[in-house]
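Participant: What follows is a single structure, and I will ask about it in a moment.
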Amino acid sequence: MVSNVQLQLVKSPDAGPQAWILAATARFDAPASAALRRAFDDLLAVAERHDGLLERACALADTVLQLDLDHEAVTATLLLPLLRLQLIGSVDLRARYGDVIAELVEGVLRMGEIGALSSHAPAPLRPEGQATQLEALRKMLLAMVQDVRVVLVKLADHLQDLREAIKSRDAGKMTEMANLTQDLFAPLANRLGVWQIKWELEDLALRVRDPGSYKRIARLLDEKRQDRERYIENVVAILKSELARAGIAADVYGRPKHIASIHRKMEKKRLDFEGLYDVRAVRVLVRDVKDCYTVLGIVHSLWSPLPKEFDDYIAKPKANNYRSLHTAVSGPEGKSVEVQIRTHEMHQHSELGVAAHWRYKEGGRQNRGYEEKIAWLRQVLEWKDEVSDTGELGEQFRTGLFEDTVYVLTPQGRVVDLPKGATPVDFAYHVHTELGHRCRGAKVDGVMVPLNTPLSNGQQVEVLAAKQGGPSRDWLNSQLGFLRSPGARSKVRQWFNKLNLEADIAQGRTVLDKELQRRGMTRTNLDQLATAMGFERLNDLLAGIGRGEIGPKALQEALDPDAAGAPQAQVPAPAIVARKAKNAGGGILVVGVDKLLTMPAKCCRPAPPEPIVGFVTRGRGVSVHRAECANLARLDPQRRVAAEWGVPGSATFPVEIVVDAVDRTGLLRDISEVLSRERINVTATRSTSTDLTARMRFTLEVSDLAQLARVLGLVREVRGVVSAARR
């Protein structure tokens, strides 16, 4: 840690930046000191043109020094204002100081840009929604950085901004900074265990947000400071004497209480200042756990313990591994005193954040995977004391944080968390199901991208939606990569299932109405008919008729049971197994018995080598579907047959593709030239356009999916094409 003398070098008006840099460079070896001094000189060269720039940068770097970070972090802190004010470019920064320091500086600036969005969250959010958004934003900020030193430098940077806002007495700026502190940066400092920053952030934020409470508690603390300090000195002296007599080596000292902590406890327990047990507090540090309990016994033998004020977090650590003994006693003069007892190792973990009890403090929801990654960050803070080589330190800091999740932003600044690899289509469905159904394009950071583009942390996504319409069947094709989220995939399937159901119901109603008209039975109660045929709802009956599951004979028997002939045994559909005939070449599909008519289903248009299943239709042979076809799931399982592709040959299969593009003269000609070069036969084409965009549908004949993928890739390279995908 930085000595008290070093801390005063910046804070004292008599000691200036030159004295500070001398003390700072003395902490590092020659190469590190040279880089730090070079950054200071670069800062000094422009300081005269920017009032207060040098003093602020040194004060910020001094705070970073107190965190015991390496010279790279301190050097990056001095360079931060140069890049922020564009007094040096990124290229020059990398050339002069290397990639590591440049990435630290750029990372801090990037965190600042994203962090500012928390204050621009949409107003209508209810309190629980705001809490969820802030939680997502905190996670996203951590996910965006590969080097945890970026987070620590940003925390120090925000603390300096808050100090200066209060010093400026600008009410608007103070309120904005205090809100950002409470919502975002104080919880981050708490989670990482950076206590010296956390307490000051919380105290300063309270000073701005609730100046009355802050001043009242500060006055009460100040009025009783001398008495309290004298009292604590007496308690410490008594404890030291008793522990020495018992042969226990221990450090005993008064534990400072922070104003924000006192205010929080007064509100939580609904107590006044005098009712708090821990305004007078002592901490005892010993060598091992056995000594902790020995000290506890000595404390309780000296003074009477207060009821319900003892917690053993050593025998039963908190869920976050926080360990310590807490007790409150009626000390000398009958005044309450809080005593914390822990080993030096427990204290180090607590101060460095390995045991930071953020969930206890904030009441957040448990997320085991997220907590494990936060614990990793805290361990990094501990490892830095054990790693001497700077290169090794930098390597330890680099991590694949939050590898399973990406955090992106809506145009309004709201955070959305998605599975890694998620696309704009996943994003649209996460925001709203209807927006997903009508999604036709997307902009990422203001640039049009294909709908199957994987999203990255921190990107802002805007969905371009049609006024009406539904999803594309291609979105369900996992090979095309449109959907990553299981929830979005489920919503697309539901849409097509509903669409098919409505079509089946309409078809069934048409068939039933014709049959009723033919028989002169138009006044028949259809609900009773459905019940008589074993269906709970009329729509179930109509859908069965529309799908062909209920044939004319079954319908005839239901409408006129007396006229029906003797029941005939129903012969189940044969268990037809696909096999390759001797002449099954050229990629021709072979299904069922010899010479059975087969045809690709128009709903999904299968193509090799994707898995396929046959369905025996009534009078039209076997309809061949993709194995994952949504329509197939609704068909009678007993009429399905196994299917496979024949030996690859010269056969082709129809597929439909959709091309979205920025409309221009010659666009259709350029796409047609690509298809012609690839020897692709186009059997149909249709296009629609607005003033700016065009949508074209092509029916192509391809030999397999590999050829289709190659063609789609070439079409996407045509100038103006935004997306090209199989329909």
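Participant: May I ask you to verify whether ARG669 is at pLDDT 80 or above and either touching an Asp or Glu at 6+ places or on another chain (Cβ under 7 Å) or within 29 Å of ILE612 (Cα to Cα) (or both)?
Facilitator: Against the criterion (at pLDDT 80 or above and either touching an Asp or Glu at 6+ places or on another chain (Cβ under 7 Å) or within 29 Å of ILE612 (Cα to Cα) (or both)), ARG669 does not qualify.
Participant: Output the residues belonging to the stretch 84-110 that are more than 28 Å from the chain's Cα centre (by Cα) and closer than 19 Å to LEU54 by Cβ.
Facilitator: Scanning the stretch 84-110 gives LEU85, GLN86, LEU87, ILE88, LEU93, ARG96, TYR97.
Participant: I've got another one for you. Taking only the stretch 629-681 into account, find how many residues are over 23 Å from ARG440 (Cβ atoms) and open to solvent by 60 Å² or more (accessible area, probe 1.4 Å).
Facilitator: Residues meeting the conditions: 16.
Participant: How many residues are in a helix (DSSP H, G or I), over 22 Å from the mean Cα position of the chain (by Cα) and charged (D, E, K, R) when one looks only at the stretch 163-198?
Facilitator: Kept after step one, since they are in a helix (DSSP H, G or I), are these residues of the stretch 163-198: 163-168, 171-192, 195-198.
With over 22 Å from the mean Cα position of the chain (by Cα) added as a condition, the list becomes 163-168, 171-179, 195-198.
Next, only the ones that are charged (D, E, K, R) stay: 163-164, 167, 173, 176, 198.
The qualifying residues number 6.
Participant: Only residues that are assigned to a strand (DSSP E or B) and modelled with pLDDT of 90 or more: list them for the stretch 269-293, please.
Facilitator: Hits for the stretch 269-293 are VAL282, ARG283, VAL284, LEU285, VAL286.
Participant: Next question, about the same structure. What is the residue count in the stretch 49-84 for residues that are within 22 Å of ALA30 (Cβ to Cβ) and either open to solvent by 10 Å² or more (accessible area, probe 1.4 Å) or touching a His at 6+ places or on another chain (Cβ under 9 Å) (or both)?
Facilitator: So the answer is 4.
Participant: Within the stretch 14-32, work out how many residues are of a type in the set (A, V, I, L, M, F, W, C) and open to solvent by 70 Å² or more (accessible area, probe 1.4 Å).
Facilitator: Within the stretch 14-32, residues that are of a type in the set (A, V, I, L, M, F, W, C) and open to solvent by 70 Å² or more (accessible area, probe 1.4 Å) number 3.
Participant: OK, next. Do you know which of the residues in the stretch 196-217 that are out of contact with any Ser or Thr (no Cβ under 8 Å at 6 or more places or on another chain) and within 30 Å of ASP68 (Cβ to Cβ) is most open to solvent (accessible area, probe 1.4 Å)?
Facilitator: Among those that are out of contact with any Ser or Thr (no Cβ under 8 Å at 6 or more places or on another chain) and within 30 Å of ASP68 (Cβ to Cβ), it is ARG207.
Participant: Within the stretch 479-490, is even one residue open to solvent by 30 Å² or more (accessible area, probe 1.4 Å), under 27 Å from the mean Cα position of the chain (by Cα), modelled with pLDDT of 85 or more and of a type in the set (Phe, Trp, Tyr)?
Facilitator: No, there is no match, as no residue in the stretch 479-490 is open to solvent by 30 Å² or more (accessible area, probe 1.4 Å), under 27 Å from the mean Cα position of the chain (by Cα), modelled with pLDDT of 85 or more and of a type in the set (Phe, Trp, Tyr).
Participant: Another question, then. I'm trying to understand the selection: among the residues of the stretch 415-427, which are out of contact with any helix residue (DSSP H, G or I) (no Cβ under 6 Å at 6 or more places or on another chain) and open to solvent by 10 Å² or more (accessible area, probe 1.4 Å)?
Facilitator: PRO419, LYS420, GLY421
Participant: Within the bounds of the stretch 297-310, is there any residue that is open to solvent by less than 30 Å² (accessible area, probe 1.4 Å), in contact (Cβ under 8 Å) with a residue 12 or more places away in the chain, hydroxyl-bearing (Ser, Thr, Tyr) and outside any loop (DSSP other than H, G, I, E, B)?
Facilitator: Within the stretch 297-310, none of the residues are open to solvent by less than 30 Å² (accessible area, probe 1.4 Å), in contact (Cβ under 8 Å) with a residue 12 or more places away in the chain, hydroxyl-bearing (Ser, Thr, Tyr) and outside any loop (DSSP other than H, G, I, E, B).
Participant: Having 3 or more residues that are without any contact (Cβ under 8 Å) to a residue 40 or more places away in the chain and among the polar types (S, T, N, Q) is the bar; report the strands (runs of 3 or more DSSP E) wholly within the stretch 613-727 that clear it.
Facilitator: 681-689
Participant: Which residues, taken from the stretch 311-328, are in a strand (DSSP E or B) and closer than 16 Å to THR294 by Cβ?
Facilitator: ASP312, LEU325, THR327
Participant: OK, next. Which of the residues spanning the stretch 705-727 are farther than 17 Å from VAL682 by Cβ, open to solvent by less than 50 Å² (accessible area, probe 1.4 Å) and not hydrophobic (A, V, I, L, M, F, W, C)?
Facilitator: GLY713, GLY720, SER723
Participant: How about the stretch 162-191: which of its residues are among the acidic types (Asp, Glu) and surrounded by fewer than 19 Cβ atoms within 10 Å (Cβ to Cβ)? First the steps, then the outcome.
Facilitator: Pass one, the stretch 162-191, residues among the acidic types (Asp, Glu): 164, 170, 176, 183.
Once the filter is applied, which keeps residues that are among the acidic types (Asp, Glu) and surrounded by fewer than 19 Cβ atoms within 10 Å (Cβ to Cβ), the stretch 162-191 yields GLU164, ASP170, GLU176.
Participant: Has the stretch 33-43 got at least one residue that is under 35 Å from the mean Cα position of the chain (by Cα), surrounded by 21 or more Cβ atoms within 10 Å (Cβ to Cβ) and not aromatic (Phe, Trp, Tyr)?
Facilitator: No, the stretch 33-43 contains no residue that is under 35 Å from the mean Cα position of the chain (by Cα), surrounded by 21 or more Cβ atoms within 10 Å (Cβ to Cβ) and not aromatic (Phe, Trp, Tyr).
Participant: From the residues in the stretch 685-698 that are closer than 16 Å to ALA725 by Cα and among the hydrophobic types (A, V, I, L, M, F, W, C), which one is surrounded by the fewest Cβ atoms within 10 Å (Cβ to Cβ)?
Facilitator: Checking each candidate, the answer is ALA694.
Participant: Hey, another quick one. Within the stretch 475-552, considering only helices (runs of 4 or more DSSP H) that don't extend past its boundaries, which have at least 2 residues that are in contact with a Ser or Thr (Cβ under 7 Å, 6 or more places away or on another chain)?
Facilitator: 486-519
Participant: Which residues, taken from the stretch 528-537, are under 16 Å from ALA506 (Cα atoms) and either open to solvent by 30 Å² or more (accessible area, probe 1.4 Å) or among the charged types (D, E, K, R) (or both)?
Facilitator: Step one: of the stretch 528-537, the residues under 16 Å from ALA506 (Cα atoms) are 530, 537.
Within the stretch 528-537, ARG537 is the sole residue that qualifies.
Participant: With (1) buried (at least 16 other Cβ atoms within 10 Å of the Cβ); (2) within 30 Å of VAL151 (Cβ to Cβ); (3) not acidic (Asp, Glu) as the list, and GLN412 as the residue in question, which single condition is left unmet?
Facilitator: It is condition (1) that GLN412 fails.
The values are calculated or read from the model by the stated rules, or taken from the named source; none is laboratory data. Computed from a predicted model, the values in this text were never measured in an experiment. With ideal geometry, Cβ positions are generated from the backbone for all residues, glycine too; neighbour counts draw on all protein chains shown. Heavy atoms of the whole protein, side chains included, go into the accessibility calculation; ligands, DNA and RNA do not. Shrake-Rupley method; radii C 1.70, N 1.55, O 1.52, S 1.80 Å.
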